[in-house]
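Coordinate-derived values only; no laboratory data. Nothing here was measured: the structure is a model prediction, and the numbers come from that model. As a convention, Cβ positions derive from the backbone with ideal geometry for all residues, glycine included, and neighbour counts pool all protein chains shown.
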Amino acid sequence: MKVTKQSYGQFLVNSPVNFTGTYFADTVDGLEHDSVHRFLKGSRLTPALLREKVADVIVYSPNGRILFDDSVMDKYGSQVIEGAVKQYSGNAHHPVMGIGVVTCVYYNPDNGLFYPLDFRQYDIARDRKTKLDHVMDMMKEIIRKKVPFTHFLMDSWYATTELLNQIMDWGKLFVCAIKSNRLFSSDDVDEHGKHIQQPVRELDWSGEAAATGYHGRLKGLPRKRLLRLFRIVVSADKTEYIVTNDVAIKTTDDARAESAIRWKIEEFHRELKQLTGIERCQARKNRSQRNHIVLCMLAWLQMKVTAWATNRTIYQVKQDPLKAFVAEQWRHPATIFSVC
């Protein structure tokens, strides 16, 4: 039997916990282990395949949002997988050996659905591109294709002067978290009539500022490009500082609501890791890992579309067949438990 995109993707959708090529071969009659290895090593699947499939199902909105973030596909315990490097994982909260994937997600606020628009594998040793370079490439592609949307939403890692300036050059809006040490000068002036630049964490966040934030300039941006800055207390030990060029966002509550949309991309990453086995491939070649990642993205898309069509969650789509199997085992158990 020859492995194809169809058969490998079907395996990713069907398998409940084991996503290795060995297990794939063991569960299919007439399939040799080497066939899976040859397919992953010899195919050349790219993010364009995901973009083509998403185009068939995506529903755009003039109020759409573009979300960017990256996720590390943990390859713990492996020192020989090409493309895996030591990098910080937000999930593990420390550096891990893994493959970085920068993703772009489209959120439609009219129907509440989100769709992966594009992604790039972070592999600076191979293509000399940073994660910021990948985000810029995907942004330019979105602008070129005239995708309908209003805001870019990003984490503090991507809120660089270059990216924010480029977004404003395009005439688009953004809502971005920034690091607490970024310098900001509000409209207020000192006794000499000069604007004072301060780290955003050192601004006075009591009184009116707590409700309406500050109006002013982020260091590095042109003087005429004024922004509004807000402080959002997420939890007892976490505070976010949000900047936006959207004049319609006037209060901290407005900023909180808009910024919360960013968590849709975290939802996507969680489902991708839990349901498709994107971290479980142990193939050593870079090309094999890239092909596996593309097909995991497509497996997620197929399960998500099925979930929308059947009014279920993607977790139910994945687990219902296993639930049916367990129910059948109650009726006709393969192994009978008895107590002496």
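List, in the order given, every pair from Lys53/Lys318; Lys2/Lys140; Lys264/Lys318; Lys75/Lys318; Lys86/Lys145; Lys86/Lys179 whose Cα-Cα distance in the structure shown is over 27 Å.
Pairs exceeding 27 Å: Lys2/Lys140; Lys86/Lys145.
Straight-distance candidates among the aspartates and glutamates for linking to Lys129, with alpha-carbon spacing under 17 Å and chain neighbours fewer than 8 residues away dropped: Asp69, Asp70, Glu82, Asp118, Asp137, Glu141, Glu162.
Taking Cα atoms only, the orientation of helix 33-42 departs from the longest principal axis of the chain by about 30 degrees.
Taking 0.36 nm per residue of separation and subtracting the current Cα-Cα distance, fully stretching the chain between Asp26 and Leu221 would add 64.4 nm. Straight-line reach from Lys224: taking Cα to Cα under 19 Å and skipping same-chain neighbours fewer than 8 places apart, the lysines in range are Lys172, Lys194, Lys250. Among 99-110, 2-13, sorting by the average number of other beta carbon atoms lying within 10 angstrom of each residue, highest first, gives 99-110, 2-13. Annotation: amide H-H contacts under 5 Å for Leu113 (H modelled 1.01 Å from N, sequence separation of 5 or more, or interchain): Asn108. Each residue in Ser180, Ser288, Ser15, Ser338 was given a count of other beta-carbon atoms within 10 angstrom of its own, and listing them fewest first yields Ser338, Ser180, Ser15, Ser288. When each of the peptides 135-148, 249-262 is scored by how many other beta carbons lie within 10 Å of its residues on average, the order from highest to lowest is 249-262, 135-148.
Applying the Karplus relation 6.51 cos²θ - 1.76 cosθ + 1.60 with θ = phi - 60° to the stretch 22-29 yields 3J(HN,Hα) values of 4, 5, 4, 5, 5, 9, 10, 4 Hz, where x marks Gly and Pro.
Using 1/(1 + (r/R0)^6) with R0 = 22 angstrom and r between the beta carbons of Lys238 and Ala210, what's the FRET efficiency to the nearest 0.05?
That gives a FRET efficiency of 0.85.
A convex hull fitted to the Cα coordinates of the stretch 221-340 yields 281 cubic angstrom per residue.
Peptide packing for 237-248, 53-64 was compared via the average number of neighbouring C-beta atoms within 10 Å per residue; ordered from the highest value, the list is 237-248, 53-64. Compared with the alpha-carbon gap, the fully stretched path from Leu49 to Arg312 is longer by 92.1 nm at 0.36 nm per residue.
Note on the chain: dipole from Cβ charges, positive end direction compared against Ile124, Tyr107, Phe152; the farthest Cα belongs to Ile124.
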